Every structure is written in C-alpha cells, then in structure tokens.
Amino acid sequence: MKTTISVIKADVGSIAGHGLAHPALLAKCEEILGKAKEEGLLEDFYVTNCGDDTELIMTHRQGEENEEIHGLAFNAFTEATAIAKELKLYGAGQDLLSDTFSGNIRGMGPGAAEMEFKERPSDPVVIFCCDKTEPGAFNMPIFKMFADPFTTAGLVIDPSLHNGFEFEIFDVMEHRKVKMSCPEEMYDALALLGSISRYVIKRVTRKDDGEIAASISTERLNLLAGQYVGKDDPVAIVRSQSGFPAAGEVVEPFAFPHLVGGWMRGSHNGPLMPVAQKNAYPVRFDGPPRVMALGFQIADCKLVGPADMFDDPAYDRSRELASEVAEYMRRHGPFEPHRLPADEMEYTSLPGVMEKLEGRFEDID
C-alpha cells in the first residue's frame, strides 16, 4: 500500500498586516483535520505556519489529486477564513479565489505539493515552506540538490544517484510543461530555470526507476486572479537518503540566500533567508523572504517529527548575509534591481498607476 503526502497552504488572514497567522486559525484547521483523522480519511497531519501562510501537512492513502483531501483542505481554509473575518485579520481569505469547491483545490488559490510512494524501510522527507516569494524561488536550490555535484556529493560517489534525475518544468505563462534529464540536458534546463518567474520545477524523479524525489507547488496567484492578491509563498516536499540526496545535501543549497521575487507587494527582489519556524515572521518591508525546513520520518503513513532543520547556528552566517543583502537591495528604493523588472510589474498593483498616466504620453517625432 502506498503513502501520499499532501502539503496544501493558503494565506487566509494574519496579524498586523502580512505577518503572522493567528493561532485561532491554526487551531480551527487542527480541529477539522483531527476529525478527518478520526474518521479515517487522514492517517496523520501537522498544521503549521510560515509567516502569514497556514500549511496543512497531511498523510493518507487516497493518492494525489484526491477530491476528498482537497475538499478537506478547502473546508479548513474556509472555516479559518470565517474566524479571520470575525477578528478583522488582514487579508482574510485572500488566497481563496472562489467560495465554492469544484473538486480540486488547484486553480482556486491555495498552493499544493503532493507525492505518492511506497515507503522504504526508512523514509525521511523535508517539507519546505516559504513566505513572501514565488514558486521559482525553489528553482536554484532544487536544481542544486539533484543536479549539482558541488552541492550533492552523492551524484558523484553514490551509485544510486549517479545516473541523475529528471526535472518536470512548468511554463506558468503559457501553461505547458517539459521534462528534462540531468546531467545530459543540464545546460538546456538551466536556460529555462534561470527565468524563475516563468519556468518553475514541479517534480523531480529518479532516472533509474522513475521514483518520485521532490514535488513543488507552482500556483501563481496573480495569474489565477488576474491581479495582485498576494505572493504565492510556495511549499515543497523532498525525499532524502538511500537513493536520494542526504538530508544535509537537501538543506545545503539554502545556506546561500539567493535573490528571489516577492517581498513588499510581491514587487521586489530580495534574499531568501533560511530560518527556524519561530523566526518565519517577515516584517522588515514585509520581508526579507523566508524559508523554513521541517524534517519528518514517514512510518506506516504517520508523521514522526518534525525536526526544525534551519534552527541551527550553522545557518547564522547565511542569515547575516541575507540581512546585508536586504540592506543593500533596500537602498535602491523604487529602482531596479530592487523593484522587479517591468514585465513582472504587470502582475502587481503598478498597472493602476500606469493607467492613470496613459493619457499624458505623446508620440516622439
């Protein structure tokens, strides 16, 4: 029998602006998922938050894209939204683009990463949760985990990884996808993945046997809603050890706080800071963007853990560097490269300003 992990997230309300999910929202989600576990729909669950986003980490036997599981998450977010509105929390229900569940949560606002697999004798997974950034924020670290031997030594010295991995890459603008094999197509893959706002990694599989290795949420809220309604704040599931990168290799890429799109109003570039869950509370200019990592063992479809993997002094230097980069980028104010380039600003609140100025432009002779 196979195990399914579903990580579904949404921002349905926060305290003092886009900052922190209220405990009452998490408690409501725990209540609803707890009932689903008692009734046998879920095998286990863990509710947490990264900044203002509520994450539902669920294990079950229903497979991916299951209507009952997605409906459960939608109901939890809807009930939490009702509480957020009572408390007048900021952005109450902002990630729910519909009031009615249509059988699948995809396309309705919340982000989802899922994978189904047959458990190994020991099956460690790492759940990554981000705030104030976009799905492409995972492109560089996921690529490094599964294709960069300077990050993952196992690609060179471990026979079970040596043949490489296949990347499923989504073009979120044109709604199409491509599968690319590494290391053979590494340069072609990088030609796409460097454009983090358009091309995003959705899944990674092991080439030897097609076994799932990683799954990432790819929902782009602004594209779904047709206007800026909040940044996407993606989640990812990564398996580790015994045929996959070691746990230390999985978290190593985040030691470099690379620049990602997001931050204030989803309109700026900033460093992705690896933090402990207790510090996943971005406030400076709504940032800088944050990522947390929760490690679990999967045992008979149950969650054992989590281990807070960035709650480690080894990442202190990374956080210091992220703070320095944030300071440097902020000094640019409204100028690029702090502000996103013009084509990305089309999906923010800037078009409202440009519409106001449109009648004042004159042709140049």
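The values are calculated or read from the model by the stated rules, or taken from the named source; none is laboratory data. None of these values were measured; they are calculated from a predicted model. Every residue, glycine as well, gets a Cβ built from its backbone with ideal geometry; the counts of neighbours run over all protein chains shown.
A few notes on this one:
- Scanning the stretch 344-365 for residues that are among the charged types (D, E, K, R) and closer than 11 Å to S267 by Cα returns E344, E346.
- Restricting the first member to the stretch 225-242 and to residues that are at pLDDT below 90, and the second to residues that are among the aliphatic types (A, V, I, L, M), the beta-carbon pairs closer than 6 Å and six or more apart or on different chains are A225/L97; V229/L221; G230/L221; D232/L221.
- Checking each residue in the stretch 108-163 for being closer than 25 Å to P257 by Cα, of a type outside the set (A, V, I, L, M, F, W, C) and not in a strand (DSSP E or B) picks out K132, E134, P135, G136, N139, P141, K144, D148, P149, T151, T152, G154.
- Within the stretch 315-339, the set of residues being surrounded by 12 or more Cβ atoms within 10 Å (Cβ to Cβ) and touching a helix residue (DSSP H, G or I) at 6+ places or on another chain (Cβ under 8 Å) comprises Y315, S318, H338, R339.
- Considering residues of the stretch 164-187 that are exposed (fewer than 14 other Cβ atoms within 10 Å of the Cβ) and over 23 Å from the mean Cα position of the chain (by Cα) only, the residue nearest to N269 (Cα to Cα): Y187
- 1 or more residues at pLDDT 95 or above: qualifying helices (runs of 4 or more DSSP H) within the stretch 259-365: 316-330
- For the stretch 94-120, the candidate set comprises residues that are over 19 Å from the mean Cα position of the chain (by Cα) and without any contact (Cβ under 8 Å) to a residue 40 or more places away in the chain; within that set, the residue that is surrounded by the most Cβ atoms within 10 Å (Cβ to Cβ) is F101.
- Being modelled with pLDDT under 95, out of contact with any helix residue (DSSP H, G or I) (no Cβ under 6 Å at 6 or more places or on another chain), under 23 Å from I15 (Cβ atoms) and surrounded by fewer than 23 Cβ atoms within 10 Å (Cβ to Cβ) is a description that applies to G91.
- The stretch 175-211, residues that are in a helix (DSSP H, G or I) and within 11 Å of G136 (Cβ to Cβ): L192, L193
- Lone qualifier among A84, A76 - being more than 26 Å from I201 (Cβ to Cβ), in contact with a Phe, Trp or Tyr (Cβ under 9 Å, 6 or more places away or on another chain), in contact (Cβ under 8 Å) with a residue 40 or more places away in the chain and not in a loop (DSSP other than H, G, I, E, B): A84
- Looking only at the stretch 1-28, and only at residues there that are more than 19 Å from the chain's Cα centre (by Cα) and not in a loop (DSSP other than H, G, I, E, B), the one that is farthest from G93 (Cα to Cα): T3
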